[in-house]
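Rule-based calculations on the coordinates, nothing more; no lab input. Note that this is a predicted model, so its numbers are computed, not measured. Because the Cβ atoms are built from the backbone with ideal geometry, glycine has one as well, and the counts that use them run over all protein chains shown.
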Amino acid sequence: MFLTGWAQGRSNTELFAEIRRWHLAKGWRDIGYHGVIFPDGEVIEGRPWGEIGAHVIGHNAGSLGYSMVPIRTITHMGAPEDFYTDATLLAMRAVIAKACARTPITRIAGHNEFAAKLCPGFAVTPEDWAPAGWA
């Protein structure tokens, strides 16, 4: 599972539609993410979990990709709370718990571990994100 981040400033539905349009303009068949998580904690699902996403080049097959919308621009590495609301972080944890319960998740990582990007703005440590008993 990969975590990434996006800019804010529109309604959840408008931003989700913008991300989808941007991905379609790249020639993709749909939004690349399996879901987007917003500052109010709303999760809008994208690609179905059974479909390969388009979120980390070379690592899309066999993974899920969710994007979190930050409350400020990510310009440096920090802590999750520096960029995301409590509602966003709780929703991300709930998505991860659901994914760990329903799929054979073997790794929880940030986009920045696989690409020269800052998102999601912090180092993703599985111990901080995985549900109790996950291994």
Counting only helices (runs of 4 or more DSSP H) wholly inside the range 38-135, the ones holding at least 1 residues that are under 20 Å from Arg20 (Cβ atoms) and either among the hydroxyl-bearing types (Ser, Thr, Tyr) or within 14 Å of the chain's Cα centre (by Cα) (or both) are 86-102
Taking the range 108-118 and keeping only residues that are surrounded by fewer than 16 Cβ atoms within 10 Å (Cβ to Cβ) and touching a strand residue (DSSP E or B) at 6+ places or on another chain (Cβ under 9 Å), one is left with Glu113, Phe114, Lys117
Residue match in the range 89-101 (condition: in contact (Cβ under 8 Å) with a residue 12 or more places away in the chain, within 25 Å of Leu24 (Cβ to Cβ) and not aliphatic (A, V, I, L, M)) = no
Restricted to the range 22-37 and to residues being surrounded by fewer than 17 Cβ atoms within 10 Å (Cβ to Cβ) and outside any helix (DSSP H, G or I), the residue farthest from the chain's Cα centre (by Cα) is Gly27
Within the range 24-71, the count of residues that are under 21 Å from Tyr84 (Cα atoms) and without any contact (Cβ under 8 Å) to a residue 12 or more places away in the chain comes to 1
